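For reference, the structure is listed below as structure tokens.
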Amino acid sequence: MKRTVLFSIFACLPLFLNAADIPEVVIDDNKDNQLMCVTRAANDCISTVCPNSSDINCSDNCQADAQNKCQELSEE
């Protein structure tokens, strides 16, 4: 009886260890999504707004706006 219980515990141990790693995967995925959102939004702004803008800091402003926009989206 003891062998069966011990075998069951040791057989399930890898499952428990893998379950502990899930939050790290989710955090990394969220960081990647945030970075992709900022990059995409900044590139869209730079390619559509900056060619017709007289603002010298247009690309910097696009980057800042993209970061703010994506931050707001991630908080929703």
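Coordinate-derived values only; no laboratory data. The shown structure was predicted, so the numbers you read here are calculated from the model rather than taken from an experiment. Reconstructed Cβ throughout: ideal geometry from the backbone, glycine too, with neighbour counts over all protein chains shown.
Details
- Scope the stretch 50-76; condition out of contact with any helix residue (DSSP H, G or I) (no Cβ under 7 Å at 6 or more places or on another chain) and of a type in the set (Asp, Glu); matching residues: ASP60, GLU72, GLU75, GLU76
- A Cβ distance below 7 Å, combined with a sequence gap of six or more or placement on separate chains, defines the contacts here; from the stretch 31-46, residues that are closer than 13 Å to ALA64 by Cα reach residues that are part of a helix (DSSP H, G or I) and of a type in the set (D, E, K, R) in the pairs ALA41/LYS69; CYS45/ASP65.
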